[in-house]
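What follows is one structure encoded as structure tokens, with my remarks underneath.
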Amino acid sequence: MQTIDFSPFYRSTVGFDRLFNRLDTLGAQETKSYPPYNIERTGDDTYRISIAVAGFSNGDIAVETKENSLVVKGAKPAETNDGKREFLHRGIAERAFELRFQLADYVEVHGATLENGLLHLELKRELPESKKPRTIQINGGTQQTIEDQSVN
């Protein structure tokens, strides 16, 4: 895999270091296929990530957000052989996993539900008032004249 050195750009740009760091991490990320997941747009500024987590319960999954990243971790507790379970075929993978998602600016997780073996994460993009477009009213059209009140 080819890597690109962005260090020459660091000395000639100001404020773009986050952009170059993201480009560096995008190239280093490996594609993960377990567990499978969907990302869907449910509205203008709302999204849903659905992750197939068959065999995991609420206590086995942790969802964390920090800055612009979302991390979903899942791990089953160690199995004890008290029940002497014997599998003829074991197709449900209950191995530990960790999924990482880069979130855009102002995207926040608003809820998580686990139903029918699917973990649904609800995301919403909320711009702060200072970043929303606003209309500026233009005043004008009336002229005031000032008369000389001095006595001759």
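The values are calculated or read from the model by the stated rules, or taken from the named source; none is laboratory data. Worth saying up front: this structure is predicted, and the values here are computed from it rather than measured. Using ideal geometry, Cβ is built from the backbone for each residue, glycine included, and neighbour counts are taken over all protein chains shown.
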Can you spot a residue in the range 41-62 that is modelled with pLDDT under 85 and on the phi > 0 side of the Ramachandran plot? no
Outside any loop (DSSP other than H, G, I, E, B), in contact with a strand residue (DSSP E or B) (Cβ under 8 Å, 6 or more places away or on another chain) and either over 21 Å from residue 44 (Cα atoms) or modelled with pLDDT of 95 or more (or both) - does that describe any residue in the range 125-148? no
So in the range 63-82, with the set limited to residues that are of a type in the set (D, E, K, R) and more than 19 Å from residue 96 (Cα to Cα), which one is modelled with the highest pLDDT? 66
